[in-house]
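This report concerns only the one structure given below.
Every read-out reported here was derived from the displayed coordinates using simple, explicitly stated rules and does not represent laboratory data. No experiment lies behind these values; they were computed from the predicted model shown. Cβ sites come from the backbone with ideal geometry, for glycine too, and all protein chains shown count toward neighbours.
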Protein chains: 4
Amino acid sequence: MKVLVWNENRHEKKNPEVSGIYPEGIHGAIKKFLTEAGHDVTTATLDEVNHGLSDDLLNQTDVLIWWGHLAHDEVEDEWVEKIQQRVLEGMGLLVLHSGHFSKIFKSLMGTTCDLKWREADDRERLWVVDPAHPIVSGLGSYIELEKEEMYGEHFDIPTPDELVFISWFEGGEVFRSGATYKRGRGKVFYFRPGHETYPTYHNEKVQTVIKNAVNWLNVTDAHQPDYGNSKAIESISKKG
Amino acid sequence: MKVLVWNENRHEKKNPEVSGIYPEGIHGAIKKFLTEAGHDVTTATLDEVNHGLSDDLLNQTDVLIWWGHLAHDEVEDEWVEKIQQRVLEGMGLLVLHSGHFSKIFKSLMGTTCDLKWREADDRERLWVVDPAHPIVSGLGSYIELEKEEMYGEHFDIPTPDELVFISWFEGGEVFRSGATYKRGRGKVFYFRPGHETYPTYHNEKVQTVIKNAVNWLNVTDAHQPDYGNSKAIESISKKG
Amino acid sequence: MKVLVWNENRHEKKNPEVSGIYPEGIHGAIKKFLTEAGHDVTTATLDEVNHGLSDDLLNQTDVLIWWGHLAHDEVEDEWVEKIQQRVLEGMGLLVLHSGHFSKIFKSLMGTTCDLKWREADDRERLWVVDPAHPIVSGLGSYIELEKEEMYGEHFDIPTPDELVFISWFEGGEVFRSGATYKRGRGKVFYFRPGHETYPTYHNEKVQTVIKNAVNWLNVTDAHQPDYGNSKAIESISKKG
Amino acid sequence: MKVLVWNENRHEKKNPEVSGIYPEGIHGAIKKFLTEAGHDVTTATLDEVNHGLSDDLLNQTDVLIWWGHLAHDEVEDEWVEKIQQRVLEGMGLLVLHSGHFSKIFKSLMGTTCDLKWREADDRERLWVVDPAHPIVSGLGSYIELEKEEMYGEHFDIPTPDELVFISWFEGGEVFRSGATYKRGRGKVFYFRPGHETYPTYHNEKVQTVIKNAVNWLNVTDAHQPDYGNSKAIESISKKG
């Protein structure tokens, strides 16, 4: 399976705290454990030519992972539209953390995707509410993260097709932190954790979720339906 | 309740068959039975200044009904965005028939909203699959329309929050012809029938659905959630 | 609208702490504010003849509210089956708190309805996650209860048709504390709070939810579908 | 993967037309193509001791397939309860055709599972409405069956978690003919076709669906949640 990890990669350049945690960028950290899991992983970042994207690369990608935060508006609409089209054709999309405000996620959801937030070292506990879901295989009852940014309800998203995780935050809030959607012939998973100043993507359980999600997001053999003007299969009676 | 019926109103100008069926336009026909049902109904059409819309009009509208077909692309993006924002704030939206391809519906769905179609005088039977839903109150088991345009699966929409009707077509197809969604604090209902060359909006059961839908779409007292940076409610422990 | 409030009414007889909080029983407290809201309210309790139920009473009831805890097994199967049949015919059912383990709720869900619990004076905060839902009208962002029994995930229920509230608990857990279902032509709402040793049903916001829920649960004019052997509407071709 | 195919096997004994189509029983026909697909398949039938079931057999079964019709009431409650428990623990369940009225399906659904029906050689066309679902992989747009028993809406089931197929019938009806549910840690799939007097289970596309479904129903590594009395993870403040 071909996985493309896209990262804004701006915090890593500006903030030594972030580059200390992710010396090869958030994309590099994710690439590492997905490669070890046997996937064929490519990375792309905002400041590369065409944001590191090309038609060929997108066409070959089975699952795209998206991390963005500071510069959602700098992602050009042309590429957002191409990604959306690929999702509708069957490419999986894993949107991480602050990617809730990315153009691609908002385009696929149709809502503001707004939420409450706070950077205050909240403890977060992501409770599994769908224990039969392949995305939570091997996790146990919850994931605990010592420090994370808080995201709180109301989260302005469409009703998820499946709700997989609900987060508890130390400061008193809850959040729907793992949610799946189908769009066209593609699948989408939003997974909340991953603020850049915390080592969240080094957490083993978080890595398990991302590895499980990549497998679940990969749609194989999705039939391309026929659309448009269509002949009758059965005979149609003559009406007055 | 204030209802705004928006109609493209182009078929009515070009095709005597259509203006014969709807002498006051599709919007006029819908306005008539909704007014008789006690609603305060305004109409607007594509070729008026600003498509007949204004900020004030949208802000006062509780439920917007949308019929479009030939000229979806002529609806200016500015107004699509304003309508989308109003839906997310709580305005109900009833999308009729070929409105499946309108900019506003596609923006709220995030998918192509594509489908199969055929103009061949198919008989259509809309079966009620959610008999407890307020939208089907008073209908019985199904609505039968002697002649309609066929719309067939696959219909490229997100999984409906609620599926209310499934259509049977004489030529051999089926269609999810009544589907509800929540988006933000607003509700959306897509209702399939209403090809311009058939007297569908004069059908009593179709009128019942539209009247029921208008009531169901009206969200009262939807709380405006707080978004953005948010103080902790509970105390947060100091971490290392 | 005719509302029937059913209560086990055992804690009230055995525990002075409970009868101190609810001198007329939990059913009496609920009856009071629903009566003030204009409903025609009857009560019934476990130890009455036939648990206070009769065929006539059930047939006239639009919405049934159910509170039970210690003695779920003492409710006779005959009455559970009659209640289930009435729900399937269109009677609304509001299941409160420890009613998650009642026979009627388990019968309608098909699962164990098991959960984590703790009696330790946890603070509970019920966050609204569906701000457009009629059940949360007038509430604001959340309901805070100073002390409540904790119920924690995993809650073994089918995926709710609509998830309305998610609870935060001081001890570190979350819970899907407001969930709606359709069953047959009836609607079901499960609402978590209401441990007998806390004055939860005196809380104004909790009362608002129950009043909203009663209105939402009332299905009017639900069509009784035809079932069984059925003649063809269209002609069927002769096959070889 | 261990698959158990359970069949009532009464029509096969009584009706030469049925035994002509399925000389080794419906269970034998299903066993054959699932064995060829590499599964470890066992069969069991109503009239064997304990309906061919044992605790060991159920405990080892990953996916159970159920076909019943004439004698749902002869299946002993004890075994229905054991099967339900196994589903809630993670065993997949594929309910075929007239199994909609089986005790096990009704127990898991909580509704009457009633429907319209007709034996009149209707042509059936099962349209794929969820083209990204693994269950429809390799099928194309629809399955056509020359002759089948008609099942028509309203089908009294809970809202499916996922709706995969909608059937068109020649006589004018539609039906939700492929529907998935999660119950506990197990998955359930209802698949409509398979009247005993037609060679439906010899149809390649029907076999493809059953093979896909068996794979999809197999839940691996579903975490067993902790239920019951539970210590606080976070400290709880002393209240007044």
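In segment C:76-231, if the dipole is taken from +1 on Lys/Arg beta carbons and -1 on Asp/Glu beta carbons about the Cα centre, which of C:Gly152, C:Gly99, C:Tyr227 is farthest to the positive end?
Of the listed residues, the answer is C:Tyr227.
Can you work out the Karplus-derived ³J(HN,Hα) for every residue in segment A:225-231? Use 6.51 cos²θ - 1.76 cosθ + 1.60 with θ = phi - 60°, whole Hz, and x for glycine or proline.
x, 7, 10, x, 4, 9, 5
Could you pull the Cα extents of segment C:115-214 along its three principal axes, largest to smallest, in whole Å?
The Cα atoms of segment C:115-214 stretch 39, 29, 22 Å along their principal axes.
If you count, for every residue in A:87-100, the Cβ atoms of partner chains within 10 Å of its Cβ, what is the mean?
1
When only Cα pairs under 8 Å and 6 or more residues apart are kept, what is the percent relative contact order across chain C?
With pairs under 8 Å counted, the relative contact order is 20 percent.
On average, how many beta carbons from a partner chain sit within 10 Å of the beta carbon of a residue in A:174-181?
Per-residue shielding by partner chains comes out at 3.
Relative to the first principal axis of the alpha-carbon coordinates of chain D, what is the inclination of helix D:204-217, with its axis defined by its Cα atoms, in degrees from 0 to 90 and to the nearest 10?
10
From the backbone phi of segment C:83-100, what are the Karplus-calculated ³J(HN,Hα) couplings (6.51 cos²θ - 1.76 cosθ + 1.60, θ = phi - 60°) in whole Hz, Gly and Pro given as x?
After applying 6.51 cos²θ - 1.76 cosθ + 1.60, I find 5, 4, 4, 5, 4, 5, 7, x, 6, x, 9, 10, 9, 9, 6, 5, x, 4 Hz.
Let's test this: bin the Cα-Cα distances of segment B:157-240 at 10 Å from zero up to the farthest pair and state each bin's percent.
13, 32, 24, 12, 9, 7, 3, 0
Considering the Cα positions of chain C, please state its Rg to one decimal place and its Dmax as a whole number of Å.
Gyration radius and largest Cα-Cα distance of chain C: 19.0, 78 Å.
What order, most packed first, do the peptides C:226-237, D:143-154 have when packing is the mean number of other Cβ atoms within 10 Å of each residue?
D:143-154, C:226-237
Chain B: which residue's Cβ hugs the B-to-A rotation axis most tightly, distance rounded to whole Å?
In chain B, the Cβ lying nearest the symmetry axis toward A is B:Gly110, 2.
Taking the Cα centre of chain D as origin, sum charge times position over the Cβ atoms of Lys and Arg (+1) and Asp and Glu (-1), and report the length of that vector in debye to the nearest 20.
860
Just need the relative contact order of segment D:171-224 here, percent rounded to a whole number, with Cα pairs under 8 Å and 6+ apart.
Once normalised by length, the contact order is 30 percent.
Any idea what the dipole of segment D:178-222 comes to, in debye rounded to 20, about its Cα centre with Lys/Arg Cβ at +1 and Asp/Glu Cβ at -1?
Value, rounded to 20: 240 debye.
Got a sec to turn the phi values of segment D:61-73 into Karplus ³J(HN,Hα) couplings, 6.51 cos²θ - 1.76 cosθ + 1.60 with θ = phi - 60°, whole Hz, x for Gly and Pro?
Going residue by residue, I get 7, 8, 9, 10, 10, 10, 10, x, 7, 6, 10, 3, 6 Hz, with x marking Gly and Pro.
Magnitude of the Cβ-charge dipole of the protein assembly as shown, K/R +1 and D/E -1, about the Cα centre, nearest 20 debye?
Charge dipole of the protein assembly as shown: 0 debye, to the nearest 20.
For the pairs A:Lys2/A:Lys82; A:Lys106/B:Lys231; B:Lys106/B:Lys182; A:Lys182/D:Lys187, flag any whose C-alpha to C-alpha distance is greater than 21 Å.
A:Lys106/B:Lys231
Go ahead and estimate [θ] at 222 nm for chain A from helices alone: -39,500 (n - 2.57) per DSSP H run with n ≥ 4, summed, over the residue count, rounded to 500.
-7000 deg cm²/dmol
Taking a ≥ b ≥ c as the square roots of the eigenvalues of the Cα gyration tensor of the protein assembly as shown, is the shape rounded (a/c under 1.5), prolate (a/b larger than b/c) or oblate?
rounded
Shielding of B:145-153 by partners, i.e. mean partner chain Cβ atoms within 10 Å per residue?
What the average comes to for B:145-153 is 3.
For segment D:123-164, just say rounded, prolate or oblate: build the C-alpha gyration tensor, square-root its eigenvalues into a ≥ b ≥ c, call rounded for a/c under 1.5, and beyond that prolate if a/b exceeds b/c, oblate if not.
Note, shape of segment D:123-164 comes out oblate.
Please sort B:96-107, C:5-16 by packing, taking for each peptide the average over its residues of neighbouring beta carbons within 10 angstrom, highest first.
B:96-107, C:5-16
Output needed: percent of Cα pairs per 10 Å distance bin for segment A:28-87, bins running from 0 to the one holding the longest distance.
Here the calculated profile for segment A:28-87 is 19, 54, 26, 1.
Any idea what the B:Glu24 label distances to the other copies are, label 7 Å down the Cα→Cβ vector, nm, shortest first?
B:Glu24 label point versus its equivalents elsewhere: 5.2, 7.0, 7.1 nm.
Between segment D:14-50 and segment B:181-215, what is the separation of their alpha carbon centroids in Å?
Cα centres, segment D:14-50 to segment B:181-215: 48 Å.
Using a cut-off of 14 Å between beta-carbons, work out the net charge of the residues near C:Ser19 (Lys and Arg +1, Asp and Glu -1, C:Ser19 not included).
Charge balance in the 14 Å sphere: -2.
Output, in nm with one decimal and in ascending order, the distances from the D:Asn229 label point to the matching label points of the other copies (7 Å from Cα along Cα-to-Cβ).
Here D:Asn229 shows inter-copy label distances of 4.6, 5.8, 7.4 nm.
When the C-alpha atoms of segment D:1-53 are aligned to their principal axes, what extent does each axis show, in angstrom, from largest down?
33, 26, 8
Working from the pairwise distances between different alpha carbons, so that the mean of 1/r is found and then inverted, what is segment D:55-125's Kirkwood radius in Å?
Averaging 1/r across every pair of different Cα atoms and inverting gives 13.4 Å.
Along each of its three principal axes, how wide is the spread of alpha-carbon positions in segment D:1-140, in whole angstrom units, largest first?
40, 39, 36
Kindly give the distances from C:Asp77 to its copy-mates, label point to label point, with each label point 7 Å from Cα along Cα→Cβ, as nm values to one decimal ordered shortest first.
With the label placed 7 Å along Cα→Cβ, C:Asp77 yields 0.2, 6.5, 6.5 nm.
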